[in-house]
Amino acid sequence: MTLRLRDTLTGAVRPLEPLEPGHVRIYSCGPTVYGPAHIGNFRSFLFADLLVRYLRYRGLRVTWVMNITDVDDKIIRGASEAGVTIAEMATTWLERFQGDATALRMTQPDVLPRATEHIDGMVGLIQTLLDAGHAYRTDDGSIFFRIASWPAYGRLARLDPSQLRTTERVEADEYGKTDARDFALWKGPKPGEPSWDTAIGAGRPGWHIECSAMSMAYLGPSFDIHTGGVDLIFPHHEDEIAQSEAATGEPFVRTWLHCAHLRLGGAKMAKSVGNISRVMDLLEAGVSARALRYALISVHYRQGLEYSEASLDAATAAIERLDALVAGLEAYREEREDAVDLDAVLVAARSGFEAALDDDLNVSAALAAVFAMVRELNRRLADRAISTGNATRALAFLRDLDAVLGILPDQADNPSDDLPAGARELLDAREAARAGRDWSASDRLRDELLAIGVAVEDTRDGQRWRRLEAVR
RNA sequence: GGCGACGUGGUGAAGUGGUUCAACACGGAGGUCUGCAAAACCUCUAUUCACCGGUUCGAAUCCGGUCGUCGCCUCCA
């Protein structure tokens, strides 16, 4: 079985067959660094992360490129208001983005190219389009793509170009075009705006062309997978296809993957709606990063996802269930023969997990396979029906699957490093109190530990602790 | 107005013609274990899949209609 993915362009679910066998090239539309990304943005980044992690888990080589849009209207306006250069503004928010990404355990893309470092590539593409008659200049030095020259325009979004509404904003914004639906490849210079002097004249790049230029620079004229949120289908990705294929004459992307929106209060999470929630704000409010990651990835990527306190609470509880098992497996000691049938449990879990993810990344079904195994392992721990070696292997197996999910607690070399200040002393005191059967002292110390976020549980292997991933 | 997605229990959510088809998680009730807890385990928590009609031996699953929700139609992940 191989991974089958649903391509937005054709609507078909097809097996992934990389252009270069064994090597998958992926481009993801990344953040525009003019402010902090919200968790809706991160849903789409984490969906790409899950894809990349799964492909690597499956033994494929992956080259993952995620662009950084560091020049656009919002950045120019924001930098101007803050009295800094666009490069300074972009760097500030890029660092914030990377901090958020790290907190949410997003895999670091192999390349994070910045638009302003690829002006040459964009100019080259635009020149080619001009030479081929797919693009034209207007009086202000701008260059537009001529949609009428590209009959396939509208296929990705299933839009009929002749039906596109021409809004007032479009007409006002794009004055000078021969057709209101044409889109900007290059914007002529304006006072107060950054401008590059290039072979096609002075000015700055349009938004869409950067993704064509940067994907080609790192992945070639044709590559395997392009991801983004559904809101990028039109016009962004439609425009990318038109300008890329018109310039190279080759098919641009083999498989388009689009992630459905994250909703809050019933509406798409968007800055313009005002219903956004930011990663760092949530983390500072005490939300567990792992629970947030779980909440964002645990629903199929093409399914709309409503974010709420309740969804976060449920995610936190699920995470703690996993944590309790990990703590249980780590602490478990039983000198006995290995249980030979444990392998069957692990094999079943792996095959269920892989079959689910192979089916267009059905993560809900994959998690069901994991939790079925969790219950079985808990049962065997409770019955003391496996050996210490079995427990060690089961834990290693869980961590193997977690290479895809990224939701298990970190593997500390010395678990005590993870304890809050003073907790070690409280744990030692409690152990001593229990040895002396001083239950009131034992209970008091347990409460004190709980208050600093450490849950203590008594087992026949002695007292065992784990950090709580509580909300607030 | 055009195009598209979706509607499954208290909640989130798998399942897209029949062999457990109603997973899994959260929540709730009862029980076991425990010095007490916690965690864990066990039992229960949708004879039913928005509604109506149709196809079929058989439908949550296919077809038609109705209602509802959400998204896209040049800021957008």
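The values are calculated or read from the model by the stated rules, or taken from the named source; none is laboratory data. Keep in mind that this is a model prediction, so the values were computed, not measured. In this analysis, Cβ positions are derived from the backbone assuming ideal geometry, glycine residues included, and neighbour counts consider all displayed protein chains.
Could you tell me which numbered condition residue A:291 fails, if it satisfies all but one of (1) crowded, with 21+ Cβ neighbours inside 10 Å; (2) under 30 Å from residue A:224 (Cα atoms)? If we test residue A:291 against (1) crowded, with 21+ Cβ neighbours inside 10 Å; (2) under 30 Å from residue A:224 (Cα atoms), just (2) comes out false. Any residue at all in region A:413-430 that is within 8 Å of RNA strand B (Cβ to nearest atom) and surrounded by 15 or more Cβ atoms within 10 Å (Cβ to Cβ)? No, region A:413-430 contains no residue that is within 8 Å of RNA strand B (Cβ to nearest atom) and surrounded by 15 or more Cβ atoms within 10 Å (Cβ to Cβ). In region A:227-243, the residues that are closer than 15 Å to residue A:27 by Cβ form Cβ pairs under 6 Å with partners that are hydroxyl-bearing (Ser, Thr, Tyr), at six or more places apart or across chains, as follows: A:227/A:28; A:229/A:44; A:240/A:212; A:243/A:212. Restricting A:102, A:107, A:116 to those that are polar (S, T, N, Q) and farther than 30 Å from residue A:56 by Cα reduces the list to A:116. Looking only at residues of region A:178-192 that are within 16 Å of RNA strand B (Cβ to nearest atom) and in contact with a strand residue (DSSP E or B) (Cβ under 9 Å, 6 or more places away or on another chain), we find that the one that is farthest from residue A:142 (Cα to Cα) is A:179. Of all residues in region A:1-56, those being farther than 27 Å from residue A:158 by Cβ and surrounded by fewer than 19 Cβ atoms within 10 Å (Cβ to Cβ) number 9.
Here residue A:444 clears all of (1) more than 26 Å from residue A:338 (Cβ to Cβ); (2) modelled with pLDDT of 95 or more; (3) touching a helix residue (DSSP H, G or I) at 6+ places or on another chain (Cβ under 7 Å) except the condition numbered (3). Helices (runs of 4 or more DSSP H) fully within region A:210-307 that include at least 2 residues being more than 14 Å from RNA strand B (Cβ to nearest atom), of a type in the set (A, V, I, L, M) and farther than 17 Å from residue A:45 by Cβ: A:238-248. For region A:100-120, does any single residue satisfy the condition of being part of a loop (DSSP other than H, G, I, E, B), in contact with a strand residue (DSSP E or B) (Cβ under 7 Å, 6 or more places away or on another chain) and over 30 Å from residue A:410 (Cα atoms)? There is no residue in region A:100-120 that is part of a loop (DSSP other than H, G, I, E, B), in contact with a strand residue (DSSP E or B) (Cβ under 7 Å, 6 or more places away or on another chain) and over 30 Å from residue A:410 (Cα atoms).
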